[in-house]
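Student: Let me begin by handing over the structure; questions about it come next.
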Amino acid sequence: MYPKIQINTNKIKHNTRTIVEKCTDSNIKVSAVTKVFCANEDIAKAYVDAGVSALADSRIKNLKKIKDIKIEKWLLRLPSISEVKDVIKYSDVSLNSELSVIKLLSKEAIKNIKVHEIILMVDLGDLREGIFDKDELINTVKEVKALKGIKIRGIGTNLTCYGGIIPKYENLNKLVKIKEELEKILDHKIETISGGNSSSLYLIDKDELPKEINQLRLGESLVLGRETAYGNQINDTFDDAFILKAEIIEIKTKPSAPIGEIGMDAFGKTPVFEDKGIMKRCICAIGRQDINLDGIIPFDENIEILGASGDHLILDITKVNKELNVGDVIDFKLTYSGILSGMTSPYVYKEIL
Ligand SMILES: *Cc1c(COP(=O)(O)O)cnc(C)c1O
């Protein structure tokens, strides 16, 4: 049945091995991020087989799905007060920036005779989550030190998400300096400095990652083999572990520009067309309701995506060399947003290889 995403877990395992090896050589542990594929258990197991040290997701609902996989679990998105109970139940480590929430986590952990570990998030300028103000950070650490049931595992930061800020030696070294300062307040060493996501990987190759950074949270680089600071493919990785397959339901020779007065399309926009003459067009049974179509790329470079409505994808197949028929299937590579939207979609079948 189509549309379908075919997932090659061996390719994901290979990517993960390649990157975990690179990280291990630099003394860096990897928490493998499962959110882009809704924490599908088979894919998560491929991560674990490849030697990651934890699984991480932004949603409790996803962590619940992988609760039976025996490995440390991290909650990536700051916990909501309304889910504190489940945070303690389904995660071992969570990223935090709000003292009021940490206090509630402490209460719940004590109730369950657990110690919940936290990574205190520091905002280095990307302006998504994290404590920005130095005094607030110091005060938070002092207060958390007095809480039972909570241990500060480390500090961390997140970059290249909201503000698009690129990790560099300079900004990440601020985290190292902060760590040294906070250790003076705490009685113990800070075990972990979590230096970001897939956008920090390129610094390893350039030998510009401060050596005290000993942890990364990686998603996109594992599933697509892509570092996300500059968008380069990482050596010895696959970018096609996820393949979208869509079925052809019509093939016709038609003009390239619609005929008649142009009003609005299915999404309320007035479309503009370039007249390229008569073309061979096909329709695939997939549309905007199924997947973010900006995130799909035909494998065959001779296929051009013309547009789509809610349920129909229209392709120009004039230049395609082989014969295509109704019922044939067209393969697409997926970008991060393609994988995310497709894996989340109830209309897209998933096949694990
Ligand atoms: C999603 C996420 C990551 C992983 O990001 P990638 O770019 O996919 O590696 C890391 N940290 C946090 C806090 C996240 O939300």
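The values are calculated or read from the model by the stated rules, or taken from the named source; none is laboratory data. All values derive from a computational prediction rather than experimental measurement. We place every Cβ from the backbone using ideal geometry, glycine too, and count neighbours over all the protein chains shown. Accessible surface areas use protein heavy atoms only, side chains included; no ligands, DNA or RNA. Shrake-Rupley method; radii C 1.70, N 1.55, O 1.52, S 1.80 Å.
Yes/no per residue for (1) open to solvent by 60 Å² or more (accessible area, probe 1.4 Å); (2) more than 15 Å from the ligand (Cβ to nearest atom):
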position	(1), (2)
211	yes, yes
219	no, no
225	no, no
236	yes, yes
258	yes, yes
263	no, yes
268	no, yes
289	yes, yes
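Student: Within the set of pairs 6+ apart or on separate chains, which have a first residue in region 117-132 that is within 14 Å of residue 144 (Cα to Cα) and within 14 Å of the ligand (Cβ to nearest atom), a second that is open to solvent by 30 Å² or more (accessible area, probe 1.4 Å) and assigned to a strand (DSSP E or B), and C-beta atoms under 8 Å apart?
Tutor: 118/151
Student: How many of the residues in region 1-45 are part of a loop (DSSP other than H, G, I, E, B) and closer than 20 Å to residue 154 by Cβ? First the steps, then the outcome.
Tutor: Taking region 1-45 as the starting set, the residues that turn out to be part of a loop (DSSP other than H, G, I, E, B) are 1-3, 8, 26-28, 34, 38-40.
Narrowing further to those that are closer than 20 Å to residue 154 by Cβ: 26-28.
Looking only at that region, the number is 3.
Student: To continue, here is another question. Just one of 29, 70 is of a type in the set (D, E, K, R), in contact (Cβ under 8 Å) with a residue 24 or more places away in the chain and farther than 26 Å from residue 334 by Cα; which is it?
Tutor: The unique qualifying residue is 29.
Student: How about region 291-335: which of its residues are open to solvent by 70 Å² or more (accessible area, probe 1.4 Å), in a loop (DSSP other than H, G, I, E, B) and among the charged types (D, E, K, R)?
Tutor: Within region 291-335, 301, 311, 319, 322, 323 qualify.
Student: Considering only region 269-284, state which residues are basic (Lys, Arg) and modelled with pLDDT of 95 or more.
Tutor: Result: 280, 281.
Yes or no, residue by residue, for (1) in a loop (DSSP other than H, G, I, E, B); (2) under 19 Å from residue 28 (Cα atoms); (3) within 15 Å of the ligand (Cβ to nearest atom); (4) open to solvent by 70 Å² or more (accessible area, probe 1.4 Å):
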| site | (1), (2), (3), (4) |
| --- | --- |
| 155 | no, yes, yes, no |
| 165 | yes, no, yes, no |
| 196 | yes, yes, yes, no |
| 203 | no, yes, yes, no |
| 231 | yes, no, yes, no |
